[in-house]
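The values are calculated or read from the model by the stated rules, or taken from the named source; none is laboratory data. Everything numeric in this text was worked out from a predicted model, so none of it was measured. Backbone-built Cβ (ideal geometry, glycine too); neighbour counts: all protein chains shown.
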Amino acid sequence: MAGRLEGKVAIVTGAGRGIGRAEALLLAQEGAAVVVNDLGGALNGSGQSSCAADAVVVEIRSAGGRAAANYDSVASMDSGERIVKTALDNFGRLDIVVNNAGFLRDRMFHNMTEDEWDSVISVHLKGHFAVSRAAAVVFRERRWGRIINTSSEAGLGNVGQANYSAAKEGIIGLTRTLALELGRYGVTTNAIRPRAGTRMTLNDEIRAQAEKAAKMGKTQFADAMKQLESSKPEYVAPLVVWLCTDDAAHVNGRTFLIGGPTVGLFSEPELVRSMYSPRGFWTVDELLGAMPGIVGDLVNPAPPL
Ligand SMILES: NC(=O)c1ccc[n+]([C@@H]2O[C@H](COP(=O)([O-])OP(=O)(O)OC[C@H]3O[C@@H](n4cnc5c(N)ncnc54)[C@H](O)[C@@H]3O)[C@@H](O)[C@H]2O)c1
């Protein structure tokens, strides 16, 4: 059954390829008019082209759907305003924002440049802010809206991706706060940590790294790649559509895993152990004695070689 989002208008950022494209196509199949935003650059964010967004607009229209292209980078406030304006000018309303655009500039932390840090924080974290900020004004007035943010399991920690991890975990904090601020206006904000084979995850460089690691006896990388090969971007999109339905109205501020056969809900961080000082504070001497009580069994995930 299609048409669950009939009459709605959605923005999908970075919708020219990969996961964003699949999300835009399914939203359109479900009846939403879609603004297909994409800068059309390379995997490292360089360059730009209208081709990627245009191709998806053509695909949606050929299937009988409604779509409009936007080629702005998500990483500035002006662009965020223009992307939202594209929805309002073309379709007269806005109901859904899927923040998805992004690229990688991986580097070991001690070699990471300021530009590599700034550009990744800018496209992912600020990009989510810029588009959601412009959309929030519209949603608040209309008393309805859906924001779906795109985080990553890399936010939980991943070697060579300090910039990306920081941005993606920042997106989780943003999601929780938007949920609290906008929930009262009928707007829900949730995040996904997707898994899908795209140019970001299945490119020649990654394949070469996986082969190199496998030769050294580390097969986890190659195993993860095999999983990604069968996890199509199209398998991510249904959860995004579901989050836009009224069935998900009570789901707000949450983070989901979605990839291949798996849909999962992440726990929210909570204090797991604590100690109380009857004096009102702890001294270093006291902590030296007492801290083993709460951290004594912890194991360093990356011990010295
Ligand atoms: N593929 C995965 O397994 C995976 C895992 C975790 C998170 N993600 C996240 O999912 C999202 C989509 O990734 P993907 O794998 O589909 O990658 P992709 O490279 O196939 O698609 C990303 C799209 O974003 C566009 N884009 C990049 N910078 C932009 C900007 N400044 N403004 C507008 N568009 C821009 C690109 O042109 C591209 O079309 C990203 O946020 C990524 O970090 C992907």
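Among the numbered criteria (1) surrounded by 24 or more Cβ atoms within 10 Å (Cβ to Cβ); (2) closer than 26 Å to GLY253 by Cβ, which one does VAL56 miss?
(2)
Select from the range 174-213 the residues that are free of Cβ contacts under 8 Å to residues at least 40 places away in the same chain, under 30 Å from ARG142 (Cβ atoms) and among the polar types (S, T, N, Q) and list them in ascending order.
Within the range 174-213, just THR177 meets the criteria.
For the range 1-31, enumerate the residues that are in a loop (DSSP other than H, G, I, E, B), modelled with pLDDT of 95 or more and out of contact with any Asp or Glu (no Cβ under 8 Å at 6 or more places or on another chain).
Scanning the range 1-31 gives a single hit, GLY7.
Is one or more of the residues making up the range 122-137 assigned to a loop (DSSP other than H, G, I, E, B) and surrounded by 15 or more Cβ atoms within 10 Å (Cβ to Cβ)?
Residues of the range 122-137 that are assigned to a loop (DSSP other than H, G, I, E, B), as a first pass: none.
No, the range 122-137 has no match at all.
Tell me, please, whether a residue that is surrounded by 12 or more Cβ atoms within 10 Å (Cβ to Cβ) and among the acidic types (Asp, Glu) can be found in the range 245-263.
No: the range 245-263 contains no residue that is surrounded by 12 or more Cβ atoms within 10 Å (Cβ to Cβ) and among the acidic types (Asp, Glu).
Would you check which residues across the range 183-197 are over 19 Å from GLY264 (Cβ atoms) and surrounded by 21 or more Cβ atoms within 10 Å (Cβ to Cβ) and list them?
The answer is VAL187, and nothing else.
List, please: which pairs have Cβ atoms under 6 Å, are six or more places apart or on different chains, and start with a residue in the range 108-122 that is closer than 17 Å to GLY157 by Cα and end with one that is surrounded by 11 or more Cβ atoms within 10 Å (Cβ to Cβ)?
Hits for this filter: MET108/GLY160; PHE109/ALA162; TRP117/ASN163; VAL120/ARG105; VAL120/ASN163; VAL120/TYR164; VAL120/ALA167; ILE121/ALA167.
Just checking, does the range 46-56 include any residue being in contact with a strand residue (DSSP E or B) (Cβ under 8 Å, 6 or more places away or on another chain), of a type in the set (Ser, Thr, Tyr), within 7 Å of the ligand (Cβ to nearest atom) and outside any helix (DSSP H, G or I)? Lay out the reasoning, then the answer.
We begin by selecting, within the range 46-56, every residue in contact with a strand residue (DSSP E or B) (Cβ under 8 Å, 6 or more places away or on another chain); these are 50, 53-54, 56.
If we keep only those that are of a type in the set (Ser, Thr, Tyr) as well, we get 50.
Restricting the remaining residues to those that are within 7 Å of the ligand (Cβ to nearest atom) gives none.
No, the range 46-56 contains no residue that is in contact with a strand residue (DSSP E or B) (Cβ under 8 Å, 6 or more places away or on another chain), of a type in the set (Ser, Thr, Tyr), within 7 Å of the ligand (Cβ to nearest atom) and outside any helix (DSSP H, G or I).
Hey, can you tell me all the residues within the range 269-287 that are without any contact (Cβ under 8 Å) to a residue 12 or more places away in the chain and surrounded by 10 or more Cβ atoms within 10 Å (Cβ to Cβ)?
Once the filter is applied, which keeps residues that are without any contact (Cβ under 8 Å) to a residue 12 or more places away in the chain and surrounded by 10 or more Cβ atoms within 10 Å (Cβ to Cβ), the range 269-287 yields SER277, TRP282, THR283, GLU286, LEU287.
Being in contact with a strand residue (DSSP E or B) (Cβ under 6 Å, 6 or more places away or on another chain), within 16 Å of the ligand (Cβ to nearest atom), closer than 23 Å to ALA52 by Cβ and assigned by TED's automatic domain parsing to the domain that holds ILE96 is the requirement here; does ALA167 meet it?
Numbers: in contact with a strand residue (DSSP E or B) (Cβ under 6 Å, 6 or more places away or on another chain): no; within 16 Å of the ligand (Cβ to nearest atom): yes; closer than 23 Å to ALA52 by Cβ: yes; assigned by TED's automatic domain parsing to the domain that holds ILE96: yes.
No, not satisfied.
Which of the residues spanning the range 12-28 are closer than 11 Å to ALA67 by Cα and more than 11 Å from the ligand (Cβ to nearest atom)?
LEU25, LEU27, ALA28, listed by residue number.
Do we have any residue at all in the range 223-240 that's touching a Phe, Trp or Tyr at 6+ places or on another chain (Cβ under 7 Å) and either among the aromatic types (Phe, Trp, Tyr) or at pLDDT 95 or above (or both)? Break it down stepwise before answering.
Step one: list which residues in the range 223-240 are touching a Phe, Trp or Tyr at 6+ places or on another chain (Cβ under 7 Å), which gives 239.
Going one step further and asking which of them are either among the aromatic types (Phe, Trp, Tyr) or at pLDDT 95 or above (or both), we end up with 239.
Yes, some residue in the range 223-240 is touching a Phe, Trp or Tyr at 6+ places or on another chain (Cβ under 7 Å) and either among the aromatic types (Phe, Trp, Tyr) or at pLDDT 95 or above (or both).
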